Amino acid sequence: MGMSARDSAERTPTAADLDRARRALADVGRRARATNTSRAAEIEVVLMAAVAGEALTEERLRSAERAAHRIAGSAGTIGMHQVSELARELEAGIAGGLVTDPAALLHAVTVLKEIQRQLEDEAAGGLEPTEPTIEGRHEVLVVTTDDAWAGSLGTAAEKRGWTSRWAADLPAARAALTRGAPDVVVLDAALHPMGAAALVSDAGNEHPRCATIVVGPDDATAAVKALRAGADRFVAASRSAEAVVAVAIDAAGLPRTEPARVLALAEPADLDALEALLTGPAFDLTNLSTEAALRTALDTSPADLLIVSTGLSGALDLCRTLRDDARFAPIPLLALTEDRTPESVSEAFAAGADDVVARPLIAAELAARLSSRLDRTRLRRQFRALDPDTGVANRASAQASYDRLTARSARVGTPVSVAMIDMDGLRLLNEEHGYGLGDAVLRQLAALLESSFRDDDLVGRWAGQEFIVVMSGMRRADGVARVAAVLESFRNHAFVASDGASVLMTFSAAVAEHGSDGNDLPALVRNLNRVLVSAKRAGGNRVLPVGWQPRTVRNTTDVFIVEDDEMLAGLLQQALDTRGLRSEHEVDGRVALDRLIGPNRLSARVILLDVDLPGMNGLDVLRRLESEGVLAHSHVIMLTAYAGEQDVVTAMRHGAFDHVAKPFSLPVLTQRLRRALDSG
């Protein structure tokens with residue numbers, strides 16, 4: 001960065017400089033997107049051939065694999081990191097022989113359609129790059145006008161396995177924060193001081209797990225200003241990009257929570273210095289004048305840091321008694337001594353101080369000592385908030401996160417949903433294969449849940465084999481869809497027992513929405529547990545919303561699948577079953593029509609109807625359903641081929657609710673199904 005040499009004589013990039021850089025980047029991006037779109041089409045031909053059952057040569061498979069590899073490389077270069085990750089997944093799937101596994105093949109088609117969608121969306125977005133957050137990877141947001149320094153930080157971050165975004169000014173940084181939560185913000189102190197301070201505060205309020213690093217001149221005033229504003233760390237500008245990234249990564253492991261509670265029993269001159277330093281959202285300083293007041297404050301609420309002036313009468317004895325009290329011994333204690341003589345410093349340490357700062361108090365030194373001690377406190381608090389067996393939040397932390405997210409929900413009007421997840425068959429697994437394998441299953445599920453939800457969500461272990469997920473900004477139905485996707489991934493993971501046996505596991509889950517299903521966590525948990533019982537009784541391996549009831553009326557179903565591809569229909573039925581939806585399947589169009597209009601007619605909320613069917617064409621079936629009045633109580637979603645544009649027009653004219661083109665993306669289809677089911 002060279003910011004130590006950056007002063008008023010340095011040239012600041014002009015708006016024209018930044019505009020030229022953006023346009024050059026956009027031009028590179030357009031060319032790369034066009035090439036990647038062509039490569040995706042090449043892969044699509046191969047996957048469609050595999051879906052159709054064609055025998056594929058090794059060369060065709062390797063060609064598709066190379067195309068996916070090239071997409072992964074070039075997409076990452078132009079900042080389309082999510083496309084890059086998806087392409088790597090697709091490359092691995094092709095290399096792993098997905099054509100022999102129907103479920104893997106359908107997943108590959110889903111991944112490819114998502115790649116194509118993002119390439120299309122990016123192309124339609126003009127010059128402004130989209131910057132999706134990558135699930136499972138860490139990200140740093142660099143805020144500076146210095147594009148060269150931003151590039152150096154990005155390169156250093158990439159070497160550590162992180163991704164980076166660059167915001168050239170404060171408005172761009174705020175916009176970036178609204179699009180997603182980075183793990184850490186690195187902020188150039190050269191930006192407007194008041195705006196920079198506001199950004200630090202915004203980052204902590206909007207994304208409580210987001211750490212903030214301020215980089216500026218190597219002087220005490222800048223460090224104090226940064227810490228007062230709420231920054232987690234201050235780094236001197238003279239340090240290398242690699243060093244800044246190392247500090248950022250370290251700070252990202254210390255998610256900011258509430259302000260640090262600091263209790264001080266100090267002499268008047270020291271209190272003035274502390275008050276000048278410890279102002280702002282990062283600190284909650286309480287000045288106390290007596291030992292009794294300090295003890296009362298400690299009994300009232302836990303502290304993050306204690307500061308004691310050793311010159312006060314009885315101060316050293318107080319330090320010793322605090323260290324001998326198991327309740328207060330873990331709290332870091334900073335001693336302010338009369339002078340820097342070895343005797344004074346040794347006496348303070350002997351009394352139990354964790355650190356010593358001597359007069360005259362130097363702001364930069366005091367700030368550094370305070371920051372170091374508070375970091376350790378936060379880290380210890382973080383570990384106390386984690387379940388030791390799985391590494392996710394514990395029950396108490398889950399309750400606190402629920403309270404925080406629902407409080408924010410009340411302010412901004414966004415929903416919050418809660419999922420309770422319970423393992424299927426874990427007791428039997430432990431009995432047959434030992435508790436070691438059971439523990440491995442729980443750790444794998446915890447890791448999958450952590451990687452599947454956003455930073456603003458909370459994954460915690462509730463009790464034993466139960467996990468809880470608090471989801472910010474999600475309705476109940478959205479929560480069901482997200483947890484069902486986790487279940488579909490989890491149940492495909494094979495665990496290897498000590499005897500070499502391969503074991504597959506599943507879980508059951510229930511999802512509730514704050515407000516609709518309960519106004520506090522105990523009420524929601526009661527409702528979730530009732531639905532979990534229903535999920536277990538139904539055979540487990542499914543995700544049900546609160547309010548779900550088994551259908552008891554004969555000849556009724558949620559979804560009637562009319563599709564002659566039995567493998568595809570089986571995959572669809574499994575996906576519906578996972579989401580607590582009943583389904584039935586028929587291959588022949590005429591037989592399906594008889595079931596829907598015959599004397600013992602089947603009543604279906606949604607009918608998935610293929611166009612190309614044996615017995616009777618799907619469009620003819622639709623016409624009869626329209627004439628018989630079936631569409632008054634059933635929504636029809638047509639499944640059409642790419643070449644069937646006219647079929648789509650005809651279907652919509654005769655009352656079809658929607659259509660989905662083959663080969664389709666399973667998430668897209670389930671989303672369309674949800675919309676049809678929710679519309680009555």
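So here's what we get for this one:
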read-out	value
Computed lengthening from ASP324 to SER603, 0.36 nm per intervening residue step minus Cα-Cα distance	93.1 nm
Considering only the range 438-584, percent of DSSP beta bridges that pair antiparallel, nearest 5	60 percent
Backbone HN-Hα couplings from phi across the range 592-597 [Karplus 6.51/-1.76/1.60, Hz, Gly and Pro as x]	4, 4, 4, 5, 8, 10
Extended-chain gain in nm, criterion 0.36 nm per residue less alpha-carbon gap, ASP284 and THR341	17.4 nm
Cα gyration tensor category, rounded, prolate or oblate, for the range 472-542 with a/c compared to 1.5	prolate
Cross-link partners of LYS662 among lysines (Cα-Cα below 19 Å; sequence separation of 8 or more within a chain)	LYS113
Estimated FRET transfer efficiency (PHE495, ALA407; beta-carbon r; R0 30 Å; 0.05)	0.15
Pairwise FRET efficiency - ALA92 versus ARG624, Cβ, R0 = 45 Å, nearest 0.05	0.45
The range 548-680: C-alpha gyration tensor shape, a/c 1.5 cut-off, then a/b vs b/c	rounded
Residues ARG526 and ASP588, FRET efficiency given R0 of 45 Å [Cβ-Cβ distance, rounded to 0.05]	0.45
Estimated distance in nm for a label pair at GLU242 and ARG675, the labels positioned 7 Å out from Cα along Cα-to-Cβ	5.1 nm
Virtual spin-label span in nm between ASP272 and THR556, 7 Å along Cα→Cβ	7.9 nm
Potential lengthening between GLN444 and GLN574 on full extension [0.36 nm per residue; Cα-Cα distance subtracted]	44.6 nm
Long-range amide H partners of LEU285 with built H, under 5 Å	VAL262
Volume in Å³ per residue [convex hull over Cα atoms, computed for the range 437-564]	156 Å³
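A short reminder: the numbers here are calculations on the coordinates, not readings from a lab. Predicted, not measured: the structure shown is a model, and the values here were computed from it. So basically every Cβ, Gly included, is an ideal-geometry build from the backbone, and we count neighbours across all protein chains shown.
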